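Have a look at the structure below before the remarks.
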Amino acid sequence: MRLKVAFQMDPIETIKIKGDSGFALILEAQARGHEIGWYHPDRMALTDGVPTAWVSPLTVRDVEGDHFTAGAPVRTRLDEFDVVLMRQDPPFDLHYITATHFLERVHPKTLVVNDPFHVRNAPEKIFVTLFPQLMPTTLITRDPEEIKAFRAEMGDIVMKPLYGHGGAGVFRIRTDDENFGSFLDTFASLGREPWVIQRYLPAVRAGDKRIILVDGVFAGAVNRVPAADDLRSNMVRGGAAETTRISEREREICETIGPELKARGLVIAGIDVIGGNLTEINVTAPTGIRAIKRLGGPDLAVQVWDAIEAKRG
C-alpha cells in the first residue's frame, strides 16, 4: 500500500536528526515507499473552510548535515493526503491550537496522527490528571496562597509552566529556600498561564523514564538521567539516555492509560515516570524513538507505521 503522506513539522533544515522522532518516522515512511511531503504550520491556510498548505516533496537521508532534499512547495489541499503527521514541537499555544482546528476539517478522511481534536483537548500536564492514582501529589494554579499552602504541606516542591516543554522553566523549591517569594513574583510577571506544582521526587536522580505507547500499547522505553548539576532529565537539557526495562508498576501504568489513549486516537504517546509516579502524558510530538533504537531497543517507527497502515487499510 503506497500512501500519500504529509509531515507538518518545524523547519526541516533545523531539526537535530540524531534525536528527532519525527525524522525517524519520515525515514520509515520513505523505506515503505510512501510519497512524502513536508510543510511548516506557518504555511497553512483555511479558505472557505478548506485547509491547504504549501507542501514540498521530500526525500531524506540519515546523514548529519545532509539529511534532506526538498522540492519547490506546491499549494495543496490537505484532504488530498492519506495521512498527515502533526510533528511540530510545542509550545502548545494558540498557534498550535489553530493548527488542530485546521486539521480537524480533514480528519478522519485524511488520517491525522495524532487526532487533532484530542490533541487539543489533552494538554499533557492536564490530561495526566485524569489518573491521580498514578501520579505524585499535584496542584495546578496561579494562586500564590494555594502554592504556599501546598509547599507547607509537601516540603520540597517542583514548579513548571503548565504549557512548557523540553524542561524549560522547571525549578525545585526546597523547604528552606528564602527566594520563594521573589520566585513567585518573577513567575507571575512572565505570563498568564498557571503552573504545575508537584511534590519533589528524589527518585529523579536515578532517572526519569520515557515510555512510548503505540496505539495504547507499551512499545519501548529509555531512562533519562539528569546531569549532576541539573534537576531536569530531558535529553535536550543534557540528560543521559540509558537502556532500561519497565517495572510491574510501570506496566500497570501503561495498561491503565492505554485504553484511553487508543479511544482518543492518540497513536503515539510518550509518558514520563519517576520512581513509579506518572508525571506527564505527551501527545503533541513525543520523543524517544531514536534513543530507544540507538540503545538496542526496538525500532518504534516500524510499530507506528504498522499502526497507521492498519488504520488506513
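The values are calculated or read from the model by the stated rules, or taken from the named source; none is laboratory data. Being a predicted model, the structure only gives us computed values, none of them experimental. Quick reminder, even Gly has a Cβ in these numbers, built from the backbone with ideal geometry, and neighbours come from all protein chains shown. Just so you know, the surface numbers come from the protein's heavy atoms only, side chains and all, with ligands and any DNA or RNA stripped out. Shrake-Rupley method; radii C 1.70, N 1.55, O 1.52, S 1.80 Å.
For Gly155, the criteria (1) of a type outside the set (Val, Ile, Thr); (2) touching a Phe, Trp or Tyr at 6+ places or on another chain (Cβ under 8 Å); (3) surrounded by fewer than 18 Cβ atoms within 10 Å (Cβ to Cβ); (4) within 28 Å of Ile257 (Cα to Cα) hold in every case but one, which is (4). A count restricted to region 53-74 and to residues that are in contact with a Phe, Trp or Tyr (Cβ under 9 Å, 6 or more places away or on another chain) and either outside any strand (DSSP E or B) or more than 18 Å from Ile12 (Cα to Cα) (or both) stands at 4.
For region 172-182, name all the residues that are hydrophobic (A, V, I, L, M, F, W, C) and touching a Phe, Trp or Tyr at 6+ places or on another chain (Cβ under 7 Å). Break it down stepwise before answering.
Step one: of region 172-182, the residues hydrophobic (A, V, I, L, M, F, W, C) are 173, 180.
Within region 172-182, Ile173 is the sole residue that qualifies.
Which residues, taken from region 123-141, are modelled with pLDDT of 95 or more and over 23 Å from Gly275 (Cβ atoms)? Within region 123-141, Thr141 is the sole residue that qualifies.
Taking strands (runs of 3 or more DSSP E) that fall entirely within region 202-263, which contain at least 3 residues that are of a type in the set (A, V, I, L, M) and modelled with pLDDT of 95 or more? First the steps, then the outcome.
Working: elements: 208-214, 217-225, 240-242.
In region 202-263, the matching strands (runs of 3 or more DSSP E) lie at 208-214, 217-225.
If you check Asp82, Asp42, which single one turns out to be under 30 Å from Pro194 (Cα atoms), open to solvent by 40 Å² or more (accessible area, probe 1.4 Å) and among the acidic types (Asp, Glu)?
Details: Asp82 fails: under 30 Å from Pro194 (Cα atoms).
After applying the criteria, what remains is Asp42.
Among residues of region 187-204 that are surrounded by 15 or more Cβ atoms within 10 Å (Cβ to Cβ), those with a Cβ under 7 angstrom from a residue that is in a helix (DSSP H, G or I), sequence gap 6+ or separate chain, pair up as Trp195/Phe187; Val196/Lys125; Ile197/Ile147; Ile197/Phe150; Arg199/Met154. With respect to Ile140, is the statement that it is open to solvent by 20 Å² or more (accessible area, probe 1.4 Å), within 23 Å of Ala285 (Cβ to Cβ) and touching a strand residue (DSSP E or B) at 6+ places or on another chain (Cβ under 6 Å) true? Taking the combined requirement at face value, the residue satisfies it. Being open to solvent by 10 Å² or more (accessible area, probe 1.4 Å) and touching a residue at least 60 places away in the same chain (Cβ under 8 Å) is the requirement here; does Arg120 meet it? Here the answer is no, as Arg120 does not meet what is asked. Just one of the listed residues (Val106, Val60, Val119, Val55) is within 18 Å of the chain's Cα centre (by Cα) and on the phi < 0 side of the Ramachandran plot, and it is Val119.
Checking Gly49, Gly71 one by one, the residue that is in contact with a Pro (Cβ under 9 Å, 6 or more places away or on another chain) and at pLDDT 95 or above is Gly71 and no other. Close contacts from region 75-100, counting a first residue that is among the polar types (S, T, N, Q) and a second that is in a strand (DSSP E or B), with Cβ to Cβ under 7 Å and a gap of 6+ residues or different chains, come to Thr76/Thr52; Thr76/Ala53; Thr76/Val55; Gln88/Gln8.
When restricted to residues that are within 17 Å of the chain's Cα centre (by Cα) and assigned to a strand (DSSP E or B), region 1-48 contains 2.
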